[in-house]
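The values are calculated or read from the model by the stated rules, or taken from the named source; none is laboratory data. All values derive from a computational prediction rather than experimental measurement. Cβ placement follows ideal geometry from the backbone for every residue including glycine, while neighbour counts extend to all protein chains displayed.
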Amino acid sequence: MIGLHDVYVLAGAMFGAFALLSVRDRSNPRRFGNGAFWALLAVSFLFGSQLGDTANGVLVVALIALGGTGALGRGTAERRSAEERAQRAARRGNALLVPALLIPLIAVVGTFTLGHIQVGGAPLADPNNVTLIALAVGIVAALLVALWQAKAPPAAALEEGRRLADMIGWALILPQLLAALGAVFALAGVGGAVGHLATTWLPLGHPFAAVLVYCVGMALFTTVMGNAFAAFPVMTAAVGVPLIVQRFGGDPAIMGAIGMLSGFCGTLVTPMAANFNIVPAVLLELPDRNAVIKVQVPTALVLLACNVVLMYGLVYRF
Amino acid sequence: MNLWPLLAIAVLVVGFAAGLNPLLVILVTAFTAGLAAGIAPLRVLAALGHAFNATRYVSLIWLILPVIGLLEHEGLRERARTLIGRLRAATAGRIILGYLALRQLTAALGLTSLGGPAQMVRPIVAPMAEGAAESRFGRLSERMRYLVRAYAASADNVGAFFGEDIFIAISSILLIKGFLAQSGYDIAPFRLSMWAIPTALLAFLIHGVRLWRLDAKLKRLARGEHP
């Protein structure tokens, strides 16, 4: 059975290769910083589960020490000029798009099938992690097709991947680190404290006020935590269930659905949701790290106002 | 109620607002939260390590880097650009609007993995939108180029966020169901999905109108006017 661990080993091997290739990149003035950073990440993926919590904590601090103090650099960018790439692209035509589209296709088909295929009495892939496994399978298949099309050795793909990884730099671990911070917040009771403040200090005596505080609270709390999933239990336990549902007789399904979507309005405006907001800005080589957030703010604000009106109009009626 | 852990939020907001390196801000924030809650420093370190190890799946998307890097080296982005440059009706706004519709519809069917910044936006959608803008306005100023790219990324987010909750088996719907069940309300996922539809339509309308107006905005920028 293919499990999440196998995919971690694959990722560990990839980051290990990035580490070696980074160290060899003489055009990068800080090549040893990059090498150490990717090597630590490789260790995390390969041996993280054997290391123990404290050692993993030390590993995280070491990653932050490297990434947070400018120890990472960049080598020379793309070796081929845009004109040269355009010429190659013209010769290759639309076949070039095939591997790129193969990834989502296999990821989707695999998500619905891999968990059900039986091999020797066990499912081919761990049904609990089938989406991630299907994504990895899609990526590997696309890579094989792309290598065959380009008649390139696997090392060439690793070199190009390393170039992209060096471009992304420390931002590459930001989403994972923020997810880890969420767990520390939960341990420290940050959510409970926010819910306590919201219910103690805000006027909630009117059905509309309860809806307003719940929706805006979901958005604000999500902005802070970077994740609507962290905000939902806190706000719903503090305001949603006791006030909207129990005191004012609102419908719990409508409250839950629109409440979560109000949280998503918060996700659109926060750098804490790094994988949605910061990583795209880095990937698209935007000099302003908040450029994606800036174009999302108007949509988020208008939609949040709509959600408040929508919930107030529906939740007490059905 | 111990309110001191809220100090961590203040650290986080000030750190991000001051433009400090986010990794350092997160480290200080984690220790602030832990220490304020009376947790020993070594236990905070272990908790952070445990959580980082348990959330490694978040970083698995980077497995895509070698194949995307290779395809880009072979000219994938240039191909996407020329492909769209040939279509006269294509404008940056309309292409991104089309992607928004596609992303939201597929997410509503549970196919959230069809899009994403590394899979679709950087290699395909952004170059197509830039290509369309180039064939209309000629050379793009940096400001125009960055604006088109940022809107392409925004469509990916808006489409995914406000499409996925229409699908009954998505994690957020299951979280809502699970939490409400704990509170004593047993709700069919179908009802949660149904009530996600009004917001989904409004999200498409609001972001769609803004994308519709993107072309006019680019036109003003191309003429050198300030929008």
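Check residue B:201 against each of (1) touching a residue at least 12 places away in the same chain (Cβ under 8 Å); (2) within 29 Å of residue A:295 (Cα to Cα); (3) not hydroxyl-bearing (Ser, Thr, Tyr) and name the one condition it does not meet.
Against the list (1) touching a residue at least 12 places away in the same chain (Cβ under 8 Å); (2) within 29 Å of residue A:295 (Cα to Cα); (3) not hydroxyl-bearing (Ser, Thr, Tyr), residue B:201 comes up short only on (1).
Which members of segment B:116-145 meet the condition of being under 21 Å from the mean Cα position of the chain (by Cα) and small (Gly, Ala, Ser)? Reasoning before the result, please.
Step one: list which residues in segment B:116-145 are under 21 Å from the mean Cα position of the chain (by Cα), which gives B:116-130, B:143-145.
Correct list: B:116, B:118, B:126, B:129.
Can you tell me how many residues within segment A:1-27 are in contact with a helix residue (DSSP H, G or I) (Cβ under 6 Å, 6 or more places away or on another chain) and of a type outside the set (Ser, Thr, Tyr)?
Step one: of segment A:1-27, the residues in contact with a helix residue (DSSP H, G or I) (Cβ under 6 Å, 6 or more places away or on another chain) are A:2, A:4, A:7-8, A:11-12, A:15-19, A:21-23, A:25.
Among the residues that remain, those that are also of a type outside the set (Ser, Thr, Tyr) are: A:2, A:4, A:7, A:11-12, A:15-19, A:21, A:23, A:25.
Residues that pass the stated criteria total 13.
Given the conditions (1) at pLDDT below 90; (2) of a type outside the set (Val, Ile, Thr); (3) within 19 Å of residue B:11 (Cβ to Cβ); (4) in the same structural domain as residue A:270 (by TED's automatic domain parsing), and given that residue A:238 satisfies all but one, which numbered condition is not satisfied?
It fails just one condition, (3).
Can you name every one of the helices (runs of 4 or more DSSP H) wholly within segment B:39-126 that holds 1 or more residues which are in contact (Cβ under 8 Å) with a residue 40 or more places away in the chain? Please lay out each step first, then the result.
Numbers: elements: B:41-54, B:65-73, B:76-85, B:92-108.
Fully inside segment B:39-126 and qualifying: B:65-73, B:76-85, B:92-108.
Select, from B:170, B:124, the only residue that is modelled with pLDDT under 90 and of a type in the set (Val, Ile, Thr).
B:170
A quick yes/no check of all residues on (1) more than 7 Å from chain A (Cβ to nearest Cβ); (2) surrounded by fewer than 17 Cβ atoms within 10 Å (Cβ to Cβ):
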{"position": "B:10", "(1), (2)": "yes, yes"}
{"position": "B:13", "(1), (2)": "yes, yes"}
{"position": "B:17", "(1), (2)": "yes, yes"}
{"position": "B:23", "(1), (2)": "no, no"}
{"position": "B:29", "(1), (2)": "no, no"}
{"position": "B:35", "(1), (2)": "yes, no"}
{"position": "B:38", "(1), (2)": "yes, yes"}
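Quick check, is residue A:230 in the same structural domain as residue A:279 (by TED's automatic domain parsing), part of a helix (DSSP H, G or I), within 26 Å of residue B:59 (Cβ to Cβ) and modelled with pLDDT under 85?
On the way: in the same structural domain as residue A:279 (by TED's automatic domain parsing): yes; part of a helix (DSSP H, G or I): yes; within 26 Å of residue B:59 (Cβ to Cβ): yes; modelled with pLDDT under 85: yes.
In short, yes.
Run down B:114, B:87 and say which single residue is at the interface with chain A (Cβ under 10 Å from one of its Cβ atoms), surrounded by fewer than 23 Cβ atoms within 10 Å (Cβ to Cβ) and at pLDDT below 90.
From the options B:114, B:87, the qualifying one is B:114.
Based on this model, can you work out whether residue B:98 counts as in the same structural domain as residue B:156 (by TED's automatic domain parsing), modelled with pLDDT of 90 or more and surrounded by fewer than 21 Cβ atoms within 10 Å (Cβ to Cβ)?
Values: in the same structural domain as residue B:156 (by TED's automatic domain parsing): yes; modelled with pLDDT of 90 or more: yes; surrounded by fewer than 21 Cβ atoms within 10 Å (Cβ to Cβ): yes.
Yes.
List the helices (runs of 4 or more DSSP H) that sit entirely inside segment A:144-218 and contain at least 1 residues that are more than 7 Å from chain B (Cβ to nearest Cβ), out of contact with any strand residue (DSSP E or B) (no Cβ under 7 Å at 6 or more places or on another chain) and at pLDDT 90 or above. Write out each step before concluding.
Numbers: elements: A:154-168, A:174-188, A:190-201.
In segment A:144-218, A:154-168 are the helices (runs of 4 or more DSSP H) which contain 1 or more residues that are more than 7 Å from chain B (Cβ to nearest Cβ), out of contact with any strand residue (DSSP E or B) (no Cβ under 7 Å at 6 or more places or on another chain) and at pLDDT 90 or above.
Output the number of residues of segment A:195-212 satisfying the condition of being surrounded by fewer than 24 Cβ atoms within 10 Å (Cβ to Cβ) and either touching a residue at least 24 places away in the same chain (Cβ under 8 Å) or of a type in the set (Gly, Ala, Ser) (or both).
First, pick out the residues of segment A:195-212 that are surrounded by fewer than 24 Cβ atoms within 10 Å (Cβ to Cβ): A:195-209, A:212.
Filter once more, so that each one left must be either touching a residue at least 24 places away in the same chain (Cβ under 8 Å) or of a type in the set (Gly, Ala, Ser) (or both): A:195-196, A:198-199, A:204-205, A:207-209, A:212.
The qualifying residues number 10.
Might you let me know whether segment B:51-58 holds any residue that is surrounded by fewer than 24 Cβ atoms within 10 Å (Cβ to Cβ), touching a Pro at 6+ places or on another chain (Cβ under 6 Å), among the β-branched types (Val, Ile, Thr) and at the interface with chain A (Cβ under 7 Å from one of its Cβ atoms)?
Within segment B:51-58, one or more residues are surrounded by fewer than 24 Cβ atoms within 10 Å (Cβ to Cβ), touching a Pro at 6+ places or on another chain (Cβ under 6 Å), among the β-branched types (Val, Ile, Thr) and at the interface with chain A (Cβ under 7 Å from one of its Cβ atoms).
Check whether at least one residue in segment B:206-219 is touching a residue at least 24 places away in the same chain (Cβ under 8 Å), part of a helix (DSSP H, G or I) and acidic (Asp, Glu), and report yes or no.
yes
For segment B:54-86, what are the residues that are within 23 Å of the chain's Cα centre (by Cα) and polar (S, T, N, Q)?
B:55, B:59
So the check is Cβ under 8 Å with 6+ separation or different chains; which pairs have a first residue in segment A:99-115 that's more than 23 Å from residue A:151 (Cα to Cα) and a second one that's among the charged types (D, E, K, R)?
Between residues of segment A:99-115 that are more than 23 Å from residue A:151 (Cα to Cα) and residues that are among the charged types (D, E, K, R), the close pairs are A:115/A:126.
I'm checking my understanding of the structure. Among residues of segment B:46-79 that are of a type in the set (Phe, Trp, Tyr) and modelled with pLDDT of 90 or more, which one is farthest from residue B:26 (Cα to Cα)? Working first, answer last.
Just the residues of segment B:46-79 that are of a type in the set (Phe, Trp, Tyr), to begin with: B:52, B:57, B:62.
Those left that are additionally modelled with pLDDT of 90 or more: B:52, B:62.
Numbers: B:52: 12, B:62: 21 Å.
Selected residue: B:62.
Scan A:72, A:20 and give me the residue that is more than 18 Å from residue A:132 (Cα to Cα), assigned by TED's automatic domain parsing to the domain that holds residue A:138 and over 24 Å from the mean Cα position of the chain (by Cα).
Values: A:72 fails: over 24 Å from the mean Cα position of the chain (by Cα).
Testing whether each residue is more than 18 Å from residue A:132 (Cα to Cα), assigned by TED's automatic domain parsing to the domain that holds residue A:138 and over 24 Å from the mean Cα position of the chain (by Cα) leaves just A:20.
Okay, residues lined up against (1) more than 7 Å from chain B (Cβ to nearest Cβ); (2) touching a His at 6+ places or on another chain (Cβ under 8 Å); (3) not aliphatic (A, V, I, L, M):
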{"position": "A:83", "(1), (2), (3)": "yes, no, yes"}
{"position": "A:97", "(1), (2), (3)": "no, no, no"}
{"position": "A:104", "(1), (2), (3)": "no, no, yes"}
{"position": "A:108", "(1), (2), (3)": "no, no, no"}
{"position": "A:112", "(1), (2), (3)": "yes, no, yes"}
{"position": "A:128", "(1), (2), (3)": "yes, no, yes"}
{"position": "A:131", "(1), (2), (3)": "no, no, yes"}
{"position": "A:140", "(1), (2), (3)": "yes, no, no"}
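For segment B:149-159, which residues satisfy the criterion of being surrounded by fewer than 24 Cβ atoms within 10 Å (Cβ to Cβ) and either among the polar types (S, T, N, Q) or more than 8 Å from chain A (Cβ to nearest Cβ) (or both)?
If we filter segment B:149-159 for residues that are surrounded by fewer than 24 Cβ atoms within 10 Å (Cβ to Cβ), which is where we start, we get B:150.
Answer for segment B:149-159, where residues must be surrounded by fewer than 24 Cβ atoms within 10 Å (Cβ to Cβ) and either among the polar types (S, T, N, Q) or more than 8 Å from chain A (Cβ to nearest Cβ) (or both): there is none.
When you check residue B:158 against the structure, is it in contact (Cβ under 8 Å) with a residue 60 or more places away in the chain, within 30 Å of residue B:92 (Cα to Cα) and of a type in the set (Val, Ile, Thr), yes or no? Steps first, please.
Working: in contact (Cβ under 8 Å) with a residue 60 or more places away in the chain: no; within 30 Å of residue B:92 (Cα to Cα): yes; of a type in the set (Val, Ile, Thr): yes.
Judged against the criteria, residue B:158 is not a match.
Quick one: in segment A:108-124, which of the residues that are at pLDDT 85 or above and closer than 27 Å to residue B:121 by Cβ is surrounded by the most Cβ atoms within 10 Å (Cβ to Cβ)?
Only one residue tops the list, namely A:110.
Any idea which of (1) under 21 Å from residue A:177 (Cβ atoms); (2) in a loop (DSSP other than H, G, I, E, B) is the one residue A:65 doesn't satisfy?
(2)
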